[in-house]
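Before any comments, here is the structure.
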């Protein structure tokens with residue numbers, strides 16, 4: 001039931017009448033020396049609006065609050081709703097995402113009175129819990145409904161956070177094109193409004209930067225990073241600056257500039273370390289550890305330590321996708337260290353975390369498992385697992401990320417002596433990168449002959 005309708009003399013009078021009848025009272029029972037029976041009748045019919053003094057006298061006889069008569073919202077029920085909202089928010093902060101989802105969903109389905117702001121806050125909490133639980137396909141429709149709500153002011157912090165969540169959810173589902181469209185439209189809207197920059201605005205730009213990187217638009221991502229860094233520095237908040245350096249580090253890695261990527265990520269980690277966002281610090285440690293794995297520095301043990309620290313924090317504060325990515329980085333570290341059983345256990349845990357919803361990350365997990373089978377001379381199992389990864393990868397839209405996975409699969413087929421499968425994977429990688437096959441003259445002549 002929506003209790004957010006504005007008060008009116010008609011609504012107020014109707015509530016007085018309904019409550020009087022429910023209490024078994026007559027109009028004259030509400031009358032007094034100051035309030036005549038006929039005046040009570042006029043109030044109930046909506047023809048008179050009572051003064052505060054008259055309303056106070058009526059509430060005393062009806063045994064209710066003035067808030068209820070004015071708005072239809074009971075003060076005790078409103079307080080209960082506020083407490084449940086606060087409990088749901090606290091559960092999200094503590095990583096109890098399932099409990100948070102249950103709280104917000106129960107509140108939205110209950111008869112408790114919620115005004116428009118409280119209802120939107122509960123829906124945001126519900127969508128956030130779904131995203132953190134990895135249920136992205138369920139979170140997206142809720143976020144789109146919130147984002148399209150005319151009561152949500154464009155450019156507000158809540159509007160920015162919703163745009164960021166939508167952009168991130170579509171990206172994590174593998175639909176990079178939609179993710180970028182949402183991010184670009186939101187950034188254009190902010191530019192048109194000419195509002196002061198906040199942390200949430202910078203976060204939106206950082207999220208869009210990450211989507212550009214995953215699509216392979218490294219130049220555009222780099223240019224956006226150059227635009228955001230001075231804004232974040234001027235804005236001053238360490239979290240905002242850390243978010244920009246974090247994504248700028250990932251962009252540098254994609255451009256092959258590993259030393260710059262490590263420096264930017266280390267700077268972001270130093271900024272975020274003083275923040276109270278445990279999840280962000282864990283994600284940065286995971287990224288830093290993963291970057292160390294890409295270098296030839298030989299710091300495998302340090303990389304693994306960072307990844308294990310990140311894993312412990314993400315187990316409490318991260319979502320399924322983030323924890324799965326951390327497990328895969330640990331699998332890569334243990335593979336390089338020769339700890340093959342441990343590496344396989346990490347990859348299997350990642351698959352379990354990802355569940356049945358489509359995830360590009362699941363392709364990486366199966367690729368790692370296939371590699372481990374080949375290393376242990378389990379050729380048939382390796383082929384079966386790599387073929388499963390290949391079948392799954394065909395279902396995702398083309399992007400820089402899918403191209404990199406096709407390249408990885410092609411390299412594995414090549415190294416194991418399967419040139420036909422390797423060539424098919426390399427061909428898919430080129431197509432995913434935007435390079436189309438060259439038309440064959442023989443094929444054109446054959447078609448003409450027909």
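Remarks
- The listed residues are 380, 427, and the only one of them that is under 29 Å from residue 251 (Cβ atoms) and in a helix (DSSP H, G or I) turns out to be 427.
- Positions within region 338-357 being under 18 Å from residue 132 (Cβ atoms) and in a loop (DSSP other than H, G, I, E, B), in sequence order: 355, 356, 357
- Any hit, region 393-408, residues being more than 24 Å from residue 212 (Cβ to Cβ) and not in a loop (DSSP other than H, G, I, E, B): no
- Region 59-69 - residue that is in a helix (DSSP H, G or I) and in contact with a helix residue (DSSP H, G or I) (Cβ under 6 Å, 6 or more places away or on another chain) and, of those, farthest from residue 112 (Cα to Cα): 61
- Here residue 345 clears all of (1) modelled with pLDDT of 95 or more; (2) within 21 Å of residue 306 (Cα to Cα); (3) in contact with a helix residue (DSSP H, G or I) (Cβ under 7 Å, 6 or more places away or on another chain) except the condition numbered (3).
- Hey, residue 316 within 26 Å of the chain's Cα centre (by Cα) and under 13 Å from residue 282 (Cβ atoms) or not: yes
- All of (1) within 30 Å of residue 123 (Cα to Cα); (2) at pLDDT 85 or above hold for residue 46 with one exception: (1).
- Among residues of region 336-359 that are outside the structural domain of residue 385 (by TED's automatic domain parsing) and at positive phi, those with a Cβ under 9 angstrom from a residue that is part of a loop (DSSP other than H, G, I, E, B) and crowded, with 16+ Cβ neighbours inside 10 Å, sequence gap 6+ or separate chain, pair up as 355/134; 355/135.
- Here is the figure for region 224-240: residues that are free of Cβ contacts under 8 Å to residues at least 24 places away in the same chain and in contact with a helix residue (DSSP H, G or I) (Cβ under 9 Å, 6 or more places away or on another chain) total 5.
- Residue within region 384-405 that is buried (at least 18 other Cβ atoms within 10 Å of the Cβ) and over 28 Å from the mean Cα position of the chain (by Cα) present: yes
- Residues being part of a loop (DSSP other than H, G, I, E, B) and closer than 15 Å to residue 206 by Cα - total across region 216-275: 2
- Residue within region 205-221 that is touching a residue at least 40 places away in the same chain (Cβ under 8 Å) and surrounded by fewer than 16 Cβ atoms within 10 Å (Cβ to Cβ) present: no
- For region 26-49, a tally of residues being under 15 Å from residue 62 (Cβ atoms) and either in contact with a strand residue (DSSP E or B) (Cβ under 7 Å, 6 or more places away or on another chain) or assigned to a loop (DSSP other than H, G, I, E, B) (or both) returns 4.
The values are calculated or read from the model by the stated rules, or taken from the named source; none is laboratory data. Since the model is a prediction, treat every value here as computed from it, not as a measurement. Using ideal geometry, Cβ is built from the backbone for each residue, glycine included, and neighbour counts are taken over all protein chains shown.
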